[in-house]
1. Taking a ≥ b ≥ c as the square roots of the eigenvalues of the Cα gyration tensor of the stretch 186-268, is the shape rounded (a/c under 1.5), prolate (a/b larger than b/c) or oblate?
2. In sequence order, what are the phi-derived ³J(HN,Hα) couplings for the stretch 275-283 according to the Karplus relation 6.51 cos²θ - 1.76 cosθ + 1.60 with θ = phi - 60°, rounded to whole Hz, with x for glycine and proline?
3. Across the stretch 34-47, in residue order, what do the Karplus-derived ³J(HN,Hα) couplings come to in whole Hz, using 6.51 cos²θ - 1.76 cosθ + 1.60 with θ = phi - 60° and x for Gly and Pro?
4. Determine, for each peptide in 223-231, 470-478, the mean count of other beta carbons within 10 angstrom over its residues, then list the peptides with the highest first.
5. Write out the cysteines belonging to the chain for which the nearest other cysteine Cβ is not under 4.7 Å, or none if no such cysteine exists.
6. What's the angle, to the nearest 10 degrees (0 to 90), between helix 540-551's Cα axis and the longest principal axis of the chain?
7. Probe of 1.4 angstrom, ligands and nucleic acids ignored: what's the accessible area per residue over the chain, in square angstrom?
8. Could you state the angle between the C-alpha long axis of helix 242-256 and the longest principal axis of the C-alpha atoms of the chain, as a value from 0 to 90 degrees rounded to the nearest 10?
Amino acid sequence: MRIAIVHRDRCHPRKCGTECIIYCPRVRTGDETVVIGEDGKAFISEELCVGCGICVKKCPFEALDIVSLPEELEHPTHRYGENGFALYGLPAPTEGKVTGILGPNGIGKSTAVKILSGQLKPNLGFFEREIAWEEILKKYAGTELFEYLNTISQKKLKVAVKPQYIDYIPKVFSGTPRELLKSTDERGALASCIEALNVTPILENDISTLSGGELQRVAIAACLARDADFYFLDEITPFLDIYQRMAAANLIRELALRRPIVIVEHDLAILDMLADTVHVAYGKPAAFGVITQPKGVRVGINQYLEGFLPEENVRFRDHPVLFEKRAHAAGSDRATLLEFPPMKKTFDQFSLEITGGSIRAGEVLGVLGANGIGKSTFARLLAGAEEPDGGPITLSSRVSYKPQYIKAPSSDTVEFYLRSCTTTFDTSLYQHDIIEPLSLRPLLQSPLDTLSGGELQRVAIAACLSRPADLYILDEPSAHLDVEQRVKITRMFRHHVDGRDAAILVIDHDIYLVDMISERILVFDGTPGVHGEATGPFDMREGMNRFLSRLGITFRRDKTGRPRINKPGSYLDRDQRANGEYYYYTDKEMGE
C-alpha cells in the first residue's frame with residue numbers, strides 16, 4: 001500500500017524547475033506519473049508511482065511525500081482527496097471517562113474530532129463519491145464506536161468544543177466575557193466554573209483586551225458550561241499557569257463523571273493526571289496519521305515516549321524521549337555571566353520586587369510562578385523593554401527576547417525574516433542548530449501571517465536564538481508545541497549555550513520542560529495581580545520544593561524516569577509531604 005502526498009501550500013512550480021517531473025523515472029519512460037494539475041500544483045498518480053522517492057528528495061520546497069504503508073492500512077477512515085492527508089482509526093469516547101489523544105501536531109487529531117463531533121462525514125478513503133452512512137456503519141459494526149457513530153448519523157448528538165487557538169475568539173465575538181458566558185450557561189454550572197477558574201475579575205472587560213491566559217480560561221468555562229453529549233477540549237494549558245491548569249483539570253474530571261470527554265494535550269503532567277485512557281497518534285505529520293486502540297494512560301504515555309508500540313509492533317520514532325536523571329547542580333562551578341541588581345517596578349495596581357541575583361555562563365535558568373505575578377515584567381526589565389523604579393539598569397550583556405504573546409511581524413516569508421535576524425543563515429551550522437531542530441525548512445517560503453500558532457512559535461524561537469546575544473530570554477516557548485517539539489527545544493537550548501559565554505532564561509508553566517532543561521530555577525511568589533517577588537536562583541531541589549509546596553502537589557519518577565504527579569492523599573504523597581520532599585523523594589528514586 002503506497003500513498004503520495006502533495007503539500008499544496010509548499011508546492012510552487014513557478015519558483016522551481018519542476019524537478020519532480022524531470023527526475024521521475026516513470027515520466028522518462030513516457031508515463032504521466034507526475035504532472036502539473038489544473039490548479040497549478042503537482043499531481044502524483046499513486047497507481048503509476050513505484051515509490052523510488054527521487055521526487056521527494058529533489059523537490060526544493062519539501063512539498064512531496066511518498067509513504068509505503070502496511071496492508072492493514074489499505075482503507076483509511078478519511079482522506080482529503082487525491083494526494084491528500086489520510087487518517088486511519090478513531091478514538092473512542094467512553095462514558096464516565098476522560099479519553100486523551102497524544103501525538104504530534106498535524107497527525108490528524110483535529111480531523112478525528114471533527115468526525116466524532118459530526119462536523120465531518122468519514123469517506124473511508126472513497127473521496128471521489130458520496131459515502132452513505134449505511135456503508136460507514138457496516139465497517140464499524142461490532143466495534144465500540146458503532147453506537148456512537150449511529151447517533152451521529154441520526155443527528156442526535158450535541159457537542160461542545162474548546163478550540164485550540166483561542167486568539168480567534170475576539171475576531172468572531174465582540175463584547176464582554178460575561179455576555180459570552182451567559183449565552184453558554186446551559187447546565188446551570190457557569191457560576192462554579194467562573195469561580196474555579198477565577199474569571200470574575202475580568203467579566204466586565206472588553207474581550208478584545210484579554211490576555212492569552214484570560215481568553216483560555218473564558219474558553220474553557222464556555223465549553224464546560226454547555227449541556228452536551230460529548231465534550232472535546234483541544235489544548236487547555238497554553239498560557240495558563242500550573243495553578244490554573246490544576247483548577248481546569250479538576251473541573252474536567254468532575255464533568256467526566258457524567259459525560260464523555262476527549263482531550264488533546266501536550267503537557268504530559270496534566271494529561272497523566274487528567275486522562276483515564278489515551279490513544280497514541282503516530283505517522284507522518286501532514287501526510288498520514290494512525291490512531292491506536294485505547295491504552296492505560298501510564299502505559300500509553302510511556303510507549304509514546306519510547307517510540308515503540310508493542311501491541312501493534314510498530315516503531316514510529318528511531319529514538320526514545322528520555323527524561324535525564326542528570327545532576328542539576330553540575331553547572332555550579334560555571335563562571336558568572338551577569339549579575340542583575342535588586343529592582344522594583346510599580347504599576348497602578350501591581351508591584352514587583354526582585355532581590356537580585358546572578359546568571360552563569362552556559363546555563364539554562366528556569367523561571368516558575370503563577371500568571372500575573374511579574375515573570376514577564378522581569379523579562380522585559382532585563383531586555384530593556386521596561387525600566388525599573390529609579391531609572392534604567394545597565395547590564396554588561398546583550399539580550400535577545402522572545403515575548404509571551406506572538407504576532408506575525410509582517411507578511412514577509414519566514415526565510416526573509418530569519419535572514420534579517422542573522423548573517424549566518426546560509427552556513428551549515430545554522431541549518432543544523434536552528435532550522436533542522438525546529439523543522440522550519442518546509443516553512444521557509446511561507447508568509448509569516450499565514451502560519452499557525454505552533455509554526456509562528458517555532459519561528460519566534462528561531463529568531464530569538466539567531467540574534468547575537470549573551471542572554472536569551474524566552475517567555476513560554478512551549479505554547480502550542482507538541483511533545484516531540486518540546487523535547488527538541490530542550491536539547492536545542494542546552495546545546496546553544498553549552499561551552500559559550502551565553503545563557504538562556506526560560507519562563508514556562510510546563511513543569512516537565514522546566515525540569516528537563518534547567519540547572520537552576522528562579523521562583524516567583526506573591527499575590528497574582530497585586531504583588532510579586534522574585535527569589536533565587538536556587539538549585540533544582542530547593543527551588544522545586546519551594547514551588548511545589550505552595551502548589552500543594554508532590555512529584556515522583558516512574559521506572560522510566562518520567563516525572564509523575566502523585567495522586568492527592570496517596571501513601572507516597574503523604575509520605576513526601578511529611579518529610580518536606582515535594583520534588584522527588586530520595587536520591588535512589590532520582591537515579592543518582
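The values are calculated or read from the model by the stated rules, or taken from the named source; none is laboratory data. Fair warning: this is a prediction, and the values are worked out from it, not measured in the lab. Heads up, the Cβs are rebuilt from the backbone with ideal geometry, glycines too, and the neighbour counts pull from every protein chain shown. We work out accessible area using only protein heavy atoms, side chains counted, and drop any ligands, DNA or RNA first. Shrake-Rupley method; radii C 1.70, N 1.55, O 1.52, S 1.80 Å.
1. Verdict is oblate for the stretch 186-268.
2. These are the phi-based 3J(HN,Hα) values: 7, 8, 10, 9, 9, 8, 10, 9, x Hz.
3. For the stretch 34-47, the Karplus-derived couplings read 10, 9, 8, x, 5, 7, x, 10, 5, 10, 10, 7, 6, 6 Hz, x marking Gly and Pro.
4. Details: 223-231: 20.6, 470-478: 23.7.
Result, highest mean first: 470-478, 223-231.
5. Cysteines of the chain left without a disulfide-compatible partner: 11, 16, 24, 49, 52, 59, 193, 223, 421, 464.
6. Roughly 80 degrees, rounded to the nearest 10.
7. Numbers: 25440 Å² over 592 residues.
With all protein chains present, the chain gives 43 Å² per residue.
8. Between helix and principal axis, roughly 50 degrees.
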